[in-house]
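Engineer: Shown below is the structure under consideration.
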Amino acid sequence: MMSENIYKKIIEYLKTNPGAMPREIADALGVSIGMVRIALLRLRESGYVVRSGKGGYVVKPGSGDLETRRYADIDAYEEPRKQVRGEAGTQFERDLSALREYLNAEISRLRSEVDELRKIIESLSDRVSKVETEFTLLMKSLKPEKKAREEVSEVSGDVIMRVDVARNRGISVDSLVRSGDYVIVGNYLVSQSFMEEFKKRFPISLKDIKNLASEERELLNAMVSEGLAYLHGGKEYRLA
């Protein structure tokens, strides 16, 4: 026999916690989830509570106060013991039908939640695929820059090198120039830093040419050939 007190406790809890789920009610009242579900089914059948849109329960407006009503219409086992077995069986069938209705509603709700989760997972899978594609394209775009850095490292010991020699060594001259670390002067591939330092030596008198390093003399000749420097007054080289 289910105690009348459980109905009161559930009603009072729902008044302050509308939309509560059976598990939440059971935990709050310290009773089994099975007892709460049966009680809710009977309260619902008797018109005391209704299901909320989110699957929980709320007290039905205008259902009245449990203190002023009899419980015979809620709990079949509160009926007088003279009740015949057939009548008890009918109440059991109603309870079973209500329980089946509740379980079907729960299954439907869970299926709906699973469908929503499936949509979220599919959306996340699409986003992951897009990120992977973008990452692959990014890595491909970085490869030329990486190759250029490797080639700069390969010729870092050479401040000036003939273009044909660099190409024979399998070095991409265009990549080095695009990197900004080297410039082409005539037939030479010249380190940008070496070029800038050499320009600071100008004007260079004829008598100082013998003091230039071999790389500097090569660069001076290339600059004159390309019109980047000229001999002024037959005495000194100046930048054009």
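Engineer: Would you please list the contacts, defined by Cβ atoms under 9 Å and residues six or more apart or on different chains, that run from a residue in the stretch 98-124 that is closer than 24 Å to V49 by Cα to a residue that is exposed (fewer than 11 other Cβ atoms within 10 Å of the Cβ)?
Structural biologist: Pairs that qualify, where the first residue is closer than 24 Å to V49 by Cα and the partner is exposed (fewer than 11 other Cβ atoms within 10 Å of the Cβ), are R109/K54.
Engineer: Hey, could you check the stretch 49-60 for residues that are at pLDDT 85 or above and assigned to a loop (DSSP other than H, G, I, E, B) and say which is nearest to Y7 (Cα to Cα)?
Structural biologist: Checking each candidate, the answer is K60.
Engineer: Based on what the data block shows, is V31 among the hydrophobic types (A, V, I, L, M, F, W, C) and assigned to a loop (DSSP other than H, G, I, E, B)?
Structural biologist: When the stated conditions are applied, V31 passes them.
Engineer: For residues that are in contact (Cβ under 8 Å) with a residue 40 or more places away in the chain, over 12 Å from V185 (Cβ atoms) and surrounded by 15 or more Cβ atoms within 10 Å (Cβ to Cβ), tally how many sit in the stretch 216-240.
Structural biologist: Count: 0.
Engineer: Sticking with this structure for a sec: Enumerate the pairs (first residue in the stretch 185-208 and outside the structural domain of N221 (by TED's automatic domain parsing) and among the hydroxyl-bearing types (S, T, Y); second residue anywhere and at pLDDT 90 or above and loosely packed, with under 13 Cβ neighbours inside 10 Å) with beta-carbon separation below 7 Å, excluding pairs fewer than 6 apart on the same chain, so at least 6 apart or on different chains.
Structural biologist: none
The values are calculated or read from the model by the stated rules, or taken from the named source; none is laboratory data. Since we're looking at a predicted model, the values are computed, not measured. Don't worry about glycine lacking a Cβ; one is built from the backbone with ideal geometry, like all the others, and counts go over all protein chains shown.
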